[in-house]
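> This is the structure I have questions about; it appears just below.
The values are calculated or read from the model by the stated rules, or taken from the named source; none is laboratory data. Keep in mind the model is a prediction, meaning the values are calculated, not measured. We place every Cβ from the backbone using ideal geometry, glycine too, and count neighbours over all the protein chains shown. These area figures cover heavy atoms from the full protein model, side chains too; ligands, DNA and RNA do not enter into them. Shrake-Rupley method; radii C 1.70, N 1.55, O 1.52, S 1.80 Å.
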Amino acid sequence: MNLTELLDAAALRFPTKAAVIDGATVVTYANLVARTHELANPTIRAGQRIGISLPNSADYIAATYAVWRAGAIAVPVPVECSAEERSHIITSLGLAGIITPTGFEKFSGVPVADNHNLNIAFIRFTSGTTNTSKGVVVTHETIRDRITAANKALAITAADTIVWILPMAHHFLVTIVLYLSQGATIVLVHSPLARNILEAVQRTGATILYAAPMHYAWLARDKSELSLATIRLAISTTCALTQDVAETFEKRYRLPLRQALGIIELGLVCLNTDGPWNSVGKPLPDYRVKIEDGDLYISGPGFYDAYANPWTPRQDEWFHTGDIAKLDEAGRVYLLSRKTAVINMAGRKVFPEEIEAVLLQHPAVQDCRVYGRAHPHLGELIEADVVPGQTGADPEQLRDHCRQHLAAYKVPTDIHLVPAVARTAVTGKLIRHG
Amino acid sequence: MVNPTDLETQLLAFLKREVFSAQLDVTADTDLVAAGFDSLSLVRLLVFIEKNHGLWIPESEITPETLQSVRTLAARVAALLNGQ
């Protein structure tokens, strides 16, 4: 199957209905399908991997479906990537071209990537460019299974209007693809400001809000008279809510915030529909969870098909999430902490190894350790301990160096010069905890 | 007392250096949201102000009026820092 069939079917049912609203521009389902044909560059061949590097827009969506229509594979290349990060995605996944705001750029001399006879729709890096980051491969069928499973809890229909704030390069499958398969309307909001989000809800009668805790923190403290009266589901994702935000938001809008657990390898696996604010809820009907030695494992439909680089097919029935979790008597999941060193900065996951590799390229850095420092409003901030070489090091110069090589949000907030960083005696590996 | 003009210069330099692309001609009167100021830009701005001035701007102050431009932002942050 091909996911364009779901969009085309929705367009046959709702040709004149708004698929995407972006300010004063309304893109109907018929318009959106027409745009997928316009953007289908004739040089794109089935099986090719094609980068999508566009800001949130109806064209981001149309470009992705245009790639699928050609039987090719969509690879998000976030616009905030540094030139180096972008180049890494292009070369490591063997992209045959990239769609940018200026059009389609075809790459020559790229060896044809081996797709292992899979009907691949999408490959996305978990984050970053180090060997800890993995290109997650999912087929059209896998994505269909994910959205079918997710909709047993979300119950999205053509009557729904979703206010969309998060970056499409990071959130697309169990969101945008699901909404469009059901004939729902997506309202793009480019401003992060609470007032603008509220105005969009008011203007469009939106029913679903899908955002990160920081958006809800700003919404919770809004002082206007605007309401969220039409919203039936406000989902908080990407990082943990705080009690203050959950309670203030509910009091302000008389609407509970619902935490969800979405995992790039699995899709949407848990949604809190009835539990306390700090739970991510029960597993969706098609998923099972188990806790072993404190670790959370999940099993269900829509599992990723492989990791791309190096190619590693999925093997286990249970996915080890890397979260330390507990269950309550009703089977609700509570995330307690993470086992990995990944830093969650306002919902963006960052691998410290990636930043360490960049710092170590600088001649003034002898050794370093990057870590997350807890922040009351943002989850974590990125910080680095640097052991300078003999000639010393200037933290601001090191931040400039990071800025040249990394997406801006990965640049450490603070760089501390230290005499040594802790490494294990035997292997020399960094000691990351304690 | 924090001088709003000095703060404006500092915030503009930060945004030009760390948030907006070098191709954009950002001035103290540029409409920030229209220029592409997004959630992560806002987060980085808040962290910069916290790191340099010890003030976490209250969520209730994150309004279109405050963030209309660097000039309005600097005026509001200076007022908060000066206890007004």
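> Once you charge only the Cβ atoms, +1 for Lys and Arg and -1 for Asp and Glu, what is the size of the charge dipole of chain B about its Cα centre, to the nearest 20 debye? All intermediate terms of the calculation are to be shown ahead of the outcome.
Numbers: 6 positive and 11 negative charges, 44 e Å.
That gives chain B a dipole magnitude of about 200 debye.
> Among DSSP beta bridges whose residues both lie in chain A, state the antiparallel percentage, nearest 5. Mind showing how you got there, number by number?
Values: 52 of 81 bridges.
Bridges in chain A that DSSP calls antiparallel: roughly 65 percent.
> Test of the criteria: in segment B:1-69, which chymotrypsin sites (Phe, Trp or Tyr not before Pro) are in a DSSP loop and have at most 16 other Cβ atoms within 10 angstrom of their Cβ?
B:56
> Work out which GluC sites (Glu not before Pro) in chain A are exposed loop sites (DSSP not H, G, I, E or B, at most 13 other Cβ within 10 Å) and give the longest gap free of them. Walk me through the intermediate numbers first.
Details: sites that count: A:225, A:317, A:329.
With a cap of 13 other Cβ atoms within 10 Å, the longest stretch comes to A:1-224.
> Ignoring solvent entirely, what values of log10 I(q)/I(0) come out of the Debye formula for segment A:324-415 at 0.24 Å⁻¹ when each Cα is a single scatterer?
After summing over all Cα pairs, the log10 values are -1.18.
> Under a Cβ-Cβ cut-off of 14 Å, what is the net charge of the residues other than residue A:30 that fall near it, where Lys and Arg count +1 and Asp and Glu count -1?
Working: positive: A:13, A:17, A:35; negative: A:8, A:38.
Once positives and negatives cancel, what remains is +1.
> Sum up the charges of everything whose Cβ sits under 15 Å from the Cβ of residue A:125, counting Lys and Arg as +1 and Asp and Glu as -1, but leave residue A:125 out. Intermediate values should be presented prior to the final figure.
Values: positive: A:49, A:86, A:124, A:134, A:348, A:349, A:410; negative: A:80, A:84, A:85, A:265, A:353, A:354.
Overall, the nearby charge balance is +1.
> Anything over 24 Å Cα to Cα? Flag those among A:326/A:349; A:152/A:410; A:134/A:282; A:17/A:349; A:17/A:282, in the order listed. Write out the running numbers ahead of the final one.
Working: A:326/A:349 22 Å; A:152/A:410 36 Å; A:134/A:282 27 Å; A:17/A:349 36 Å; A:17/A:282 34 Å.
Checking Cα-Cα distances, A:152/A:410; A:134/A:282; A:17/A:349; A:17/A:282 exceed 24 Å.
> Please report the equivalent ellipsoid semi-axes of segment A:1-115, computed as sqrt(5 x eigenvalue) of the Cα gyration tensor, largest first, in whole Å. Walk me through the intermediate numbers first.
Working: eigenvalues 139, 55, 20 Å².
After diagonalising the Cα gyration tensor, the semi-axes are 26, 17, 10 Å.
> In segment B:29-59, which residues give up 50 Å² or more of accessible area once the other protein chains are added, compared with their chain alone (1.4 Å probe)?
Residues shielded by partner chains are B:33, B:39, B:40, B:43, B:44, B:47, B:51, B:56, B:59.
> Residues of segment A:181-212 losing 30 Å² or more of accessible surface, assembly versus chain alone, probe 1.4 Å, please list them.
A:192, A:193, A:195
> Answer with one residue from B:27, B:53, B:74: the one whose Cα lies farthest towards the positive end of the charge dipole of segment B:4-81, charges on Cβ with Lys, Arg +1 and Asp, Glu -1.
Of the options given, the answer is B:53.
> With +1 on the Cβ of every Lys and Arg and -1 on the Cβ of every Asp and Glu, and nothing else charged, how large is the dipole of segment A:297-434 about its Cα centre, in debye rounded to the nearest 20?
On the way: 15 positive and 17 negative charges, 22 e Å.
So the dipole magnitude of segment A:297-434 works out to roughly 100 debye.
> Also: Would you please calculate the Kirkwood hydrodynamic radius of chain A over all C-alpha pairs and express it in Å, rounded to one decimal? Each step should come with its number before you reach the end.
Details: mean 1/r = 0.0439 Å⁻¹.
By the Kirkwood definition, the hydrodynamic radius is 22.8 Å.
> Could you provide, to the nearest whole Å², the per residue accessible area of chain B with probe 1.4 Å?
The answer is 45 Å² per residue.
> Loop only per DSSP, at most 16 neighbouring Cβ atoms within 10 Å: give me the chymotrypsin sites (Phe, Trp or Tyr not before Pro) in segment A:234-342, ordered by residue number. Intermediate values should be presented prior to the final figure.
Working: sites: A:249, A:253, A:277, A:287, A:297, A:303, A:304, A:307, A:311, A:318, A:319, A:334; in loops: A:277, A:287, A:303, A:304, A:311, A:318.
Those that pass, being in a loop and sparsely packed, are A:311, A:318.
> At 1.4 Å probe radius, can you tell me the per residue accessible area of segment A:265-306 in Å²?
Numbers: 1460 Å² over 42 residues.
Heavy-atom accessible area per residue stands at 35 Å².
> For segment A:343-417, what's the relative contact order in percent, using C-alpha pairs closer than 8 Å and at least 6 residues apart? It would help to have the intermediate numbers written out before the result.
Numbers: 129 pairs, mean separation 23.9, N = 75.
This gives 32 percent for segment A:343-417.
> Okay, next question. Return the loop-located GluC sites (Glu not before Pro) in segment B:26-84 (DSSP other than H, G, I, E, B) with at most 14 other Cβ atoms within 10 Å of their own Cβ; answer none if there are none. Each step should come with its number before you reach the end.
Details: sites: B:50, B:59, B:61, B:65; in loops: B:65.
Qualifying residues, ordered by number: B:65.
> Please give the total accessible area that chains B and A bury against each other, computed with a 1.4 Å probe and expressed in Å² to the nearest 100. Spell out each step's value before the answer.
On the way: alone 4930 and 18760 Å², together 21520 Å².
Approximately 2200 Å², summed over both chains.
> Taking Cα pairs under 8 Å and at least six residues apart, what relative contact order does chain A come out at, in percent? Intermediate values should be presented prior to the final figure.
Numbers: 908 pairs, mean separation 51.0, N = 434.
Relative CO of chain A lands at 12 percent.
> Then there is this: Given a 1.4 Å probe and every protein chain left where it sits, what share in percent of the accessible area of segment A:1-146 is carbon and sulfur?
55 percent
> In percent, how large is the relative contact order of segment A:36-112, given Cα pairs closer than 8 Å and 6 or more residues apart?
The normalised contact order for segment A:36-112 reaches 35 percent.
> Another question, then. Counting helices only, and only those DSSP H runs with n ≥ 4, report the 222 nm mean residue ellipticity of the protein assembly as shown as the sum of -39,500 (n - 2.57) divided by its residues, in deg cm²/dmol to the nearest 500.
Details: 14 runs with 151 residues, N = 518.
Helix contribution divided over all residues of the protein assembly as shown: -9000 deg cm²/dmol.
> Considering only protein heavy atoms, what per residue accessible area in square angstrom results for segment A:343-417 with a 1.4 angstrom probe?
Counting only protein heavy atoms, the per-residue value for segment A:343-417 is 38 Å².
> Rg (Å, one decimal) plus Dmax (Å, integer) for the alpha carbons of segment B:4-81?
11.2, 32
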